[in-house]
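Visitor: Structure incoming, see below.
The values are calculated or read from the model by the stated rules, or taken from the named source; none is laboratory data. A quick note: this is a predicted structure, and the numbers were derived from the prediction, not measured. Every residue, glycine among them, receives a Cβ derived from its backbone with ideal geometry; neighbour counts consider all protein chains shown. Keep in mind that these areas ignore ligands, DNA and RNA; they rest on the heavy atoms of the full protein, side chains included. Shrake-Rupley method; radii C 1.70, N 1.55, O 1.52, S 1.80 Å.
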Amino acid sequence: MKVRLDQDRCVSSGQCVLNAPAVFDQRDEDGVAVLLVADPDEDQADDVRQAAALCPALAILVEE
Amino acid sequence: MVHDTLAAFPMSRAARCPFDPPPGLHDLRDQARLTRVRLWDGSTPWLVTRHAEQRALLADPRVSSDATRPGYPFPGPARPGADKIGFILMDDPEHARLRRMVTAPFAIRRVEALRPAVQKIVDDLIDDLLAGPKPVDLVEAFALPVPSLVICRLLGVPYADHDLFQSHSRNLISRSVPVEERNASFRALHDYLSRLLEQKVTRPGDDLLSQLVARVEAGELTLADAAGIGVLLLIAGHETTANMIALGTLVLLEQPDQLALLRDGEDPKLVAGAVEELLRFLNITHTGLRRVALADIEIAGVIVRAGEGLIFANDIANRDPDAFPEPAALDLTRDARRHVAFGFGVHQCLGQPLARMELQVVYSTLYRRIPTLRRATGLDDIPFKNDGQVYGVYELPVSW
């Protein structure tokens with residue numbers, strides 16, 4: 001799995017951090033999401049898919 | 001099209017089903033995924049009823065929140081200037097520029113750092129409840145103070161002024177208060193926030209309003225814009241959560257098996273899931289999210305033309321059987337995370353992490369500490385907020 005994050009689209013909802021905390025974080029200055037792991041392990045895959053599905057700004061792109 | 005045959009929107013709930021969306025909305029949802037409705041001013045925007053189409057269109061950049069565009073479907077004659085009510089009635093890039101000025105305190109880590117303080121606020125208010133007379137109005141004594149104290153702390157607004165901002169907020173989101181009175185309440189709140197911001201120029205604190213003052217001094221924001229953002233955050237920060245606390249408690253008292261899950265369970269995951277399900281089930285923003293199309297958009301077999309209004313009834317989308325099996329059942333153990341109670345797209349609720357945390361603390365504490373909590377009046381005697389933009393109860397007399 002490959003994950004891409006478009007920070008320009010991010011609206012700081014925090015959904016990615018709530019649902020896949022091992023893969024995403026947020027910047028201190030504005031809460032914009034930060035991608036910690038671009039190629040997460042299989043045991044993170046469900047969390048990442050959930051994060052992408054819940055992102056209100058469609059800022060997370062997952063390539064399986 | 002013969003517009004006088006169209007259903008009027010918004011619609012009324014069935015008197016005996018105060019927790020469910022109006023029956024007329026269910027009918028429209030079953031008839032078409034998008035359908036035209038008639039508004040107070042005779043305009044006939046599209047009503048989007050289904051979960052899938054709501055998510056698709058709310059995240060579509062061809063769908064605008066700019067209330068100055070012709071065709072924008074206003075909920076009523078009150079039209080505060082788009083520049084005065086924060087950034088909710090505008091589009092990117094200006095919307096994103098302003099919104100990002102206030103997103104930092106709502107990041108998950110920052111909100112989690114507030115959790116012990118919120119727990120103390122909740123515990124102290126319950127101590128007061130238990131020491132005071134009963135029956136007591138849970139709205140006045142608990143549901144309203146919890147989020148008001150929290151948002152005051154976050155913004156740097158003195159809680160001592162809560163009567164002022166709570167009463168003006170109530171006016172502002174009511175549909176039964178005359179336009180002139182609502183406009184006056186808006187001006188009063190705007191003036192109040194302006195004065196607070198001016199005080200913080202010389203006496204800044206560790207709060208969001210002080211950070212907005214720094215933006216004003218840096219020339220990134222006018223004082224009027226800063227006050228508008230303050231009004232938005234202050235209203236949204238207390239009214240919505242307060243209604244979720246009171247209405248959530250009422251529906252749980254009606255369904256004791258569900259309440260027992262929260263009262264007797266220890267698992268934070270169950271509590272977090274319960275909050276999502278209550279958000280889905282109650283969906284307190286019940287007059288629809290408003291947008292206008294910027295281009296012709298083909299969706300679900302219809303073409304929404306550029307300049308046509310769109311209303312997203314998120315309450316009925318959260319009861320969409322394609323998204324949530326057995327949607328009419330309140331089931332705190334279901335995975336309800338895809339609900340659209342906070343909206344969807346770039347305008348999705350800014351305060352959602354804070355609202356979630358506050359509701360998790362409240363729902364996991366109140367019923368455990370007062371296990372015999374009960375309604376002190378008949379369900380028929382509870383005054384529901386049928387006339388507001390935000391649903392809930394005006395009063396909830398309880399005892400134990």
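Visitor: Just for region A:1-12: of the residues that are open to solvent by 70 Å² or more (accessible area, probe 1.4 Å) and farther than 19 Å from B:Cys349 by Cα, which one is nearest to the other protein chains (Cβ to nearest Cβ)?
Guide: Checking each candidate, the answer is A:Arg4.
Visitor: Please work out which one of (1) open to solvent by less than 30 Å² (accessible area, probe 1.4 Å); (2) over 21 Å from B:Leu98 (Cα atoms); (3) at pLDDT below 95; (4) assigned to a helix (DSSP H, G or I) is the condition B:Val177 fails and give its number.
Guide: (4)
Visitor: Which members of region A:16-43 meet the condition of being in contact with a strand residue (DSSP E or B) (Cβ under 9 Å, 6 or more places away or on another chain) and either among the polar types (S, T, N, Q) or at pLDDT below 95 (or both)?
Guide: A:Gln26
Visitor: Looking at B:His168, B:His190, can you tell me which residue is closer than 22 Å to B:Gln389 by Cα and either charged (D, E, K, R) or in contact (Cβ under 8 Å) with a residue 60 or more places away in the chain (or both)?
Guide: B:His190
Visitor: Okay, next question. Within the group B:Arg280, B:Arg263, B:Arg291, which residue is among the basic types (Lys, Arg), in a helix (DSSP H, G or I) and buried (at least 22 other Cβ atoms within 10 Å of the Cβ)?
Guide: Exactly one residue qualifies, and that residue is B:Arg280.
Visitor: Just one of (1) open to solvent by 50 Å² or more (accessible area, probe 1.4 Å); (2) over 27 Å from B:Leu253 (Cα atoms) trips up B:Asp128, so point out which.
Guide: (2)
Visitor: Filter region B:1-57 down to residues that are open to solvent by 60 Å² or more (accessible area, probe 1.4 Å) and assigned to a loop (DSSP other than H, G, I, E, B), then give me how many there are.
Guide: Qualifying residue count for the region: 8.
Visitor: Right, something else. Would you mention how many residues in region B:91-105 are at the interface with another protein chain (Cβ under 7 Å from one of its Cβ atoms) and closer than 13 Å to B:Pro353 by Cα?
Guide: The number of residues fulfilling the criteria is 2.
Visitor: If you take the residues in region B:326-356 that are surrounded by fewer than 15 Cβ atoms within 10 Å (Cβ to Cβ) and touching an Asp or Glu at 6+ places or on another chain (Cβ under 9 Å), which one is farthest from the other protein chains (Cβ to nearest Cβ)?
Guide: The qualifying residue farthest from the other protein chains (Cβ to nearest Cβ) is B:Ala328.
Visitor: Let me ask something additional. Name the residue that is nearest to the other protein chains (Cβ to nearest Cβ), counting only residues in region A:13-58 that are closer than 20 Å to B:Asp60 by Cβ and surrounded by 16 or more Cβ atoms within 10 Å (Cβ to Cβ).
Guide: Checking each candidate, the answer is A:Pro56.
Visitor: Also: Among the listed residues B:Leu270, B:Leu234, B:Leu252, identify the single one that is hydrophobic (A, V, I, L, M, F, W, C), at pLDDT 95 or above, crowded, with 22+ Cβ neighbours inside 10 Å and within 24 Å of the chain's Cα centre (by Cα).
Guide: Exactly one of B:Leu270, B:Leu234, B:Leu252 is hydrophobic (A, V, I, L, M, F, W, C), at pLDDT 95 or above, crowded, with 22+ Cβ neighbours inside 10 Å and within 24 Å of the chain's Cα centre (by Cα), namely B:Leu252.
Visitor: Just wondering, is there one or more residues in region B:360-380 that are open to solvent by less than 20 Å² (accessible area, probe 1.4 Å), touching a Leu at 6+ places or on another chain (Cβ under 7 Å) and closer than 30 Å to A:Val32 by Cβ?
Guide: Yes - at least one qualifying residue is present in region B:360-380.
Visitor: Also: In this structure, does B:Val139 turn out to be closer than 29 Å to B:Glu395 by Cα, modelled with pLDDT of 95 or more and touching a Phe, Trp or Tyr at 6+ places or on another chain (Cβ under 9 Å)?
Guide: Yes: the conditions hold for B:Val139.
Visitor: I would also like to ask the following. What is the one condition in (1) in contact with a helix residue (DSSP H, G or I) (Cβ under 8 Å, 6 or more places away or on another chain); (2) open to solvent by 40 Å² or more (accessible area, probe 1.4 Å) that B:Ala306 does not satisfy?
Guide: (1)
Visitor: Only one of (1) part of a helix (DSSP H, G or I); (2) within 14 Å of chain A (Cβ to nearest Cβ) is not met by B:Tyr367, so which one is it?
Guide: Going through (1) part of a helix (DSSP H, G or I); (2) within 14 Å of chain A (Cβ to nearest Cβ) one by one, B:Tyr367 breaks only (2).
Visitor: Taking the condition of being under 9 Å from the mean Cα position of the chain (by Cα) and either over 9 Å from A:Leu5 (Cβ atoms) or among the acidic types (Asp, Glu) (or both), how many residues in region A:18-36 meet it?
Guide: Looking only at that region, the number is 6.
Visitor: Inspect all residues belonging to region B:95-102 and state whether any of them is basic (Lys, Arg), open to solvent by 30 Å² or more (accessible area, probe 1.4 Å) and within 23 Å of B:Asn243 (Cβ to Cβ).
Guide: No, the conditions are met nowhere in region B:95-102.
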